[in-house]
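> Just passing along the structure, written as structure tokens.
The values are calculated or read from the model by the stated rules, or taken from the named source; none is laboratory data. Here the structure is a predicted model, which means the values were calculated and not measured. Here the Cβ is made from the backbone with ideal geometry for all residues, glycine too, and neighbour counts use every protein chain on show.
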């Protein structure tokens, strides 16, 4: 049992100013080590002693020294055992290095409090980070703290009731076919087919940059998505992103997409920029490897957007939106479009593009009106030989049951 006492020699220990000491054993009986902890009042000491003995009985006892590990050291332990895609691992490292470790890295786990976490989130908001980015940064941090609780380093998580910025619904910008082809004509000729391919297939940017000749079936007019280009940090001292192959974003990302004729025509024209035997459709002329999306965004995409007279915030992803909206507006079933986009569920597709289908309401009304008009409203629809229920005799009594 824990004992509460004072080590001083004062005759009236209840009134002397010295601290009260709690002496207790860790779980494990007499073989376990003893610990001491001091408190300014006997009330606090008694409460700690009672809680310690209760935690030992219920299995909730935590070694207080285990919470003294620095956050940055625990992060290193945590990262070392995570099973993640290389691109996800790199993303976690960048977020931790740039946004989390500068605030919490030097603190022991025990010193991270809920107000400190909320203040950190507020500073991220003040720094004008996008709400979705803040959610991602906070999500990794909260996951690490949750792991510390499961590892028995913390009794509870401080990530409770933290207010995060609201993520606004994605604004879908749809480019017209004329705008798409104007954009394609304004981009460097070597990269013209990136615009045509993305618009004609609805692939994500990484999937477009990872497009390969071996995945393109010109006879069946189909393209198979089973990989993408991702950026991975390959520097031990800083950040140097290199494009490498990675799997699609989700399991649903593995898919086959039908190819329109203009895509096949664009591929034929694009072959002049490919070396004999080259599988990857889009490469850097300087390195011969995959395209670096940062270079593409700054040096290739942005000048073309400006030259085409499009809004400066037009993104490569808008080509994917344009593919989806064009297909849906043409009456292609949402389920098929969802599958071609590689969405994990049809709900994701309808939530993103449902507002682009006002004609669906009209088609529903027309179908119902047509079905109703086909009925013969003049023919009797009920059994007219049945007695009128309104003329039933209330005094007739209950209807006898028959065997």
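> When you scan the range 318-327, do you find a residue that is at pLDDT below 90, over 28 Å from the mean Cα position of the chain (by Cα) and more than 22 Å from residue 251 (Cβ to Cβ), even just one?
No, there is no match, as no residue in the range 318-327 is at pLDDT below 90, over 28 Å from the mean Cα position of the chain (by Cα) and more than 22 Å from residue 251 (Cβ to Cβ).
> Would you pick out the residues in the range 28-50 that are modelled with pLDDT of 80 or more and either loosely packed, with under 11 Cβ neighbours inside 10 Å or not in a strand (DSSP E or B) (or both)?
Matches in the range 28-50: 40, 41, 42, 43, 44, 45, 46, 47, 49, 50.
> Now for a separate question. Does residue 93 satisfy the condition of being at pLDDT below 95 and either surrounded by 14 or more Cβ atoms within 10 Å (Cβ to Cβ) or not assigned by TED's automatic domain parsing to the domain that holds residue 14 (or both)?
On the way: at pLDDT below 95: yes; either surrounded by 14 or more Cβ atoms within 10 Å (Cβ to Cβ) or not assigned by TED's automatic domain parsing to the domain that holds residue 14 (or both): yes.
Yes.
> To continue, here is another question. Kindly state which helices (runs of 4 or more DSSP H) lie completely within the range 89-164 and contain at least 1 residues that are within 21 Å of the chain's Cα centre (by Cα) and closer than 22 Å to residue 249 by Cβ. Please lay out each step first, then the result.
Numbers: elements: 101-104, 114-126, 131-150.
Output list reads 131-150.
> Being out of contact with any helix residue (DSSP H, G or I) (no Cβ under 8 Å at 6 or more places or on another chain), in a helix (DSSP H, G or I) and within 20 Å of residue 108 (Cβ to Cβ) is the filter here, so list the residues in the range 56-65 that pass it.
65
Conditions (1) outside any helix (DSSP H, G or I); (2) more than 34 Å from the chain's Cα centre (by Cα), marked per residue:
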{"position": "262", "(1), (2)": "no, no"}
{"position": "265", "(1), (2)": "no, yes"}
{"position": "268", "(1), (2)": "no, yes"}
{"position": "277", "(1), (2)": "yes, yes"}
{"position": "285", "(1), (2)": "yes, no"}
{"position": "288", "(1), (2)": "yes, no"}
{"position": "296", "(1), (2)": "no, no"}
{"position": "300", "(1), (2)": "no, no"}
{"position": "303", "(1), (2)": "no, no"}
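> Across the range 333-352, what is the total count of residues that are assigned to a loop (DSSP other than H, G, I, E, B) and either closer than 11 Å to residue 202 by Cβ or outside the structural domain of residue 224 (by TED's automatic domain parsing) (or both)?
Summing the residues that are assigned to a loop (DSSP other than H, G, I, E, B) and either closer than 11 Å to residue 202 by Cβ or outside the structural domain of residue 224 (by TED's automatic domain parsing) (or both) in the range 333-352 gives 2.
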